[in-house]
Amino acid sequence: MTSPAPAAPPPERFNFARHLLDRNRQRPDRIAYIDDHGPMSYATLDDRVRRMASALLAAGIRREERVLLVMHDCNDWPVAFLGAMYAGIVPVAVNTLATADDYAYMLAHSRAQAVLASGALLPVLGTAMARGGHEVGLTVVSHPDAALPAGAVAMDDWLQPQQALAQAADTGADDPGFWLYSSGSTGKPKGTLHSQANPYWTAELYGSAILGLREDDVCFSAAKLFFAYGLGNALSFPLSVGATTILMAERPTPAAVFSRWQALRPQQAGVKPTVFYGAPTGFAGMLAASDLPAPAQVALRLASSAGEALPADLGERFTRHYGVEIIDGIGSTEMLHVYLSNRPGQVRYGTTGWPVPGYTIALRGDDGRPVADGETGDLYVQGPSSALMYWGNRAKSRETFQGDWTRSGDKYVRNADGSYTYSGRSDDMLKVSGIYVSPFEVEATLVQHPAVLEAAVIGVPNEDGLTRTKAFVVLKGGAQVDEAELQAFVKERLAPHKYPRLIEFVPDLPKTATGKIQRFRLRERESGPRG
């Protein structure tokens, strides 16, 4: 395949919100977003973003101060996020499924001066704010669904009297742009600080050069906007090319996704997604659904997957059904989006593909030296979208951001054709009888069994303190299989030492909001007290 021309760097003085608005001034009537309430044109987006910038400045919030964005996916989300960036104020986008404890920590840690929130989230947010220890002086509410607490204001009422800010803040490409919180597997969430230029790079290097997004595309992401993956899918990428994006506040269940794919909701006015962004567990659930839409009922031309490595079987089944490739890749909060990926017309299911041009990949052993092809190593990445640091956490910053390189925390194998195969997280990898075992490899084999819907594999100690593998298995509705049959199934397909010594059948698996399996929760459960 012919490689695209390298992306030109942004100018030294650069404001990402201004960059996006400028790109779309020639298409004022085109629909930028369609949420659960209806459409918003590019002209309306432009006006509301600049009104938001004026309102924040008029409230006394200054350049580089933070505002917490706690909002379900809706048209107000990009208005709030880009309005803050336009003013040089730093939006801190946080998980809408977080607890009051999480919000209390983030409010204090970020020193946010204001909160921009969905009305439905005010109860849990109010609990967090009542604990004190924060600097919030203003709460702006999107779609309030009840009487507002004292000091809060409805977003529409707040923006209406404002004059649209004529000039964006004169920010630099390396100035603070926004934060995302990276949860990791243990400890407090880390405030990951990204520059104004970082989303420009992900849009140019991946959204345009790899996915080939176009103005006539309609994008729909199961991953929410507060995730790095979702932020690119539903904001940076489509707005960079003038595409339309469908936003959904509810959980991405198969039924909710299918209704948007088929434009069954009147708000969509028949507009169907052409590009869908999901995660492996979501694709598994959809393929197992009895009401999976027929190809003629959808308009998909491309699908993307990230969050966890995509089992080959899922990709192959999806492609057989829809004639559409799933472009599997890996990214991170720290790198902002995907840097290692399959690409349209060049998909090798079972691998994460090849480095995205503009990024360099290295695999290193425990001694820090490069490993040979076919050997498992820790993945390091070098590229222009790397975060600046973790706010207020020098030790973790040094551990992750090592000069030009960012340590991903993932283990990979480089194949002879230059593609990379996922071997699990650094803290998920298992050593059984002195040999590395990839939990993902065992999980991907288990889900090939016709009775298995999902599986997660961890290591548990035996009576001698040595690691043995345990699989937690979710069966498809009405299916039956026993432990011995599944163990034999794995033994037939993998090296003998890799089969799970223990199998526990469970109704579901612990997951993040994007469907990523939380193996650390299973480890905590196994190490907890026994009744």
Legend entry - Reported label for calculated P(r) over Cα pairs in 20 Å bins from 0, in percent given (1) 22, 53, 23, 2, 0; (2) 22, 56, 21, 1; (3) 16, 23, 12, 10, 14, 14, 10, 1: (2)
Legend entry - Ordering of 110-120, 263-273, 309-319, 138-148 by packing [mean C-beta count within 10 Å, highest first]: 110-120, 309-319, 138-148, 263-273
Inset, instruction - Pairs to check: Lys431/Lys491; Lys491/Lys511; Lys224/Lys516. Give those whose C-alpha atoms are more than 19 Å from each other in this structure. - result: Lys491/Lys511
Inset, instruction - Please give the FRET efficiency for Asp417 paired with Arg131, using the beta carbon to beta carbon distance and R0 = 45 Å, rounded to the nearest 0.05. - result: 0.25
Inset, instruction - Between Val506 and Leu287, with labels modelled 7 Å along Cα→Cβ, what's the label distance in nm to one decimal, could you check? - result: 2.2 nm
Legend entry - Assigned charges on the beta-carbon of Lys, Arg, Asp, Glu; segment 328-417 dipole about Cα centre (debye): 200 debye
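Taking K and R as +1 and D and E as -1, what net charge do the other residues with C-beta under 11 Å from the C-beta of Val347 add up to? Provide the component values of the computation, followed by the final result.
On the way: positive: Arg343, Arg348; negative: Glu316, Glu325, Asp328.
Charge balance near Val347 sits at -1.
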Legend entry - Within the accessible area of the chain (1.4 Å probe), percent carbon and sulfur: 49 percent
Legend entry - All-pairs alpha carbon distance profile, segment 392-491, 5 Å steps from 0, percent: 2, 11, 16, 17, 16, 14, 11, 6, 4, 2, 0
Inset, instruction - Could I have the simple spin-label model distance between Ala154 and His321, label points 7 Å from Cα toward Cβ, reported in nm to one decimal? - result: 4.1 nm
Inset, instruction - Determine the gain in length on full extension of the stretch Asp313-Arg493; use 0.36 nm per residue of separation and subtract their C-alpha separation, reporting nm with one decimal. - result: 63.4 nm
Inset, instruction - Determine the gain in length on full extension of the stretch Asp170-Thr467; use 0.36 nm per residue of separation and subtract their C-alpha separation, reporting nm with one decimal. - result: 101.4 nm
Legend entry - Table column - 3J(HN,Hα) (Hz), segment 162-172, Karplus curve with 6.51, -1.76, 1.60, x for Gly and Pro: 6, 7, 4, 5, 6, 10, 6, 4, 7, 8, x
Legend entry - Amide hydrogen neighbours beyond the local backbone of Ser142, cut-off 5 Å, H modeled: Ala117, Ser118, Gly119, Met155
Inset, instruction - Compute the label zone of Ala256 within segment 80-121: residues whose backbone N is under 12 Å from the point 7 Å along Cα-to-Cβ. - result: 96-97
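Within 10 Å, count the other beta carbons around each residue, average over each peptide in 239-249, 51-61, and list them highest first. The partial results should precede the final answer.
Working: 239-249: 22.8, 51-61: 21.1.
Ranking, from highest mean packing down: 239-249, 51-61.
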Legend entry - Estimated inter-spin distance, Ile435 and Ala7, nm [label 7 Å along Cα→Cβ]: 4.2 nm
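Between Leu264 and Leu388, what is the FRET efficiency for a Förster distance of 45 Å, r being their Cβ-Cβ separation, to the nearest 0.05?
Working: r = 43 Å, r/R0 = 0.95.
My answer for the efficiency is 0.55.
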Inset, instruction - Rank Ala289, Pro273, Gly315 by how far each Cα sits towards the positive end of the charge dipole of segment 256-316 (+1 on Lys, Arg Cβ; -1 on Asp, Glu Cβ) and give me just the farthest. - result: Pro273
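To the nearest 0.05, how large is the calculated FRET efficiency for Glu64 and Ala362 if R₀ is 41 Å and r is the Cβ-Cβ distance? Intermediate results must be reported in sequence, preceding the final value.
Numbers: r = 33 Å, r/R0 = 0.81.
E between Glu64 and Ala362, to the nearest 0.05, is 0.80.
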Legend entry - Per-residue ³J(HN,Hα) for segment 384-396, Karplus 6.51 cos²θ - 1.76 cosθ + 1.60, θ = phi - 60°, Hz, x for Gly and Pro: x, 9, 5, 4, 6, 4, 8, 4, x, 9, 5, 5, 5
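Over segment 388-531, average the accessible area per residue using a 1.4 Å probe and give it in Å², no decimals. Don't jump to the answer; show the numbers that get you there.
Values: 7250 Å² over 144 residues.
In whole numbers, segment 388-531 has 50 Å² accessible per residue.
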Legend entry - the chain, helix-only ellipticity at 222 nm - DSSP H runs n ≥ 4, -39,500 (n - 2.57), divided by all residues, nearest 500: -7000 deg cm²/dmol
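Loop only per DSSP, at most 11 neighbouring Cβ atoms within 10 Å: give me the GluC sites (Glu not before Pro) in segment 391-478, ordered by residue number. Intermediate results must be reported in sequence, preceding the final value.
Details: sites: Glu399, Glu441, Glu443, Glu454, Glu463; in loops: Glu463.
Sparse-neighbourhood loop GluC sites (Glu not before Pro): Glu463.
The values are calculated or read from the model by the stated rules, or taken from the named source; none is laboratory data. Nothing here was measured: the structure is a model prediction, and the numbers come from that model. A quick note on method: Cβ atoms are made from the backbone with ideal geometry, for glycine too, and the neighbour counts reach across all protein chains shown. Surface areas here come from the heavy atoms of the whole protein model, side chains and all, with no ligands, DNA or RNA. Shrake-Rupley method; radii C 1.70, N 1.55, O 1.52, S 1.80 Å.
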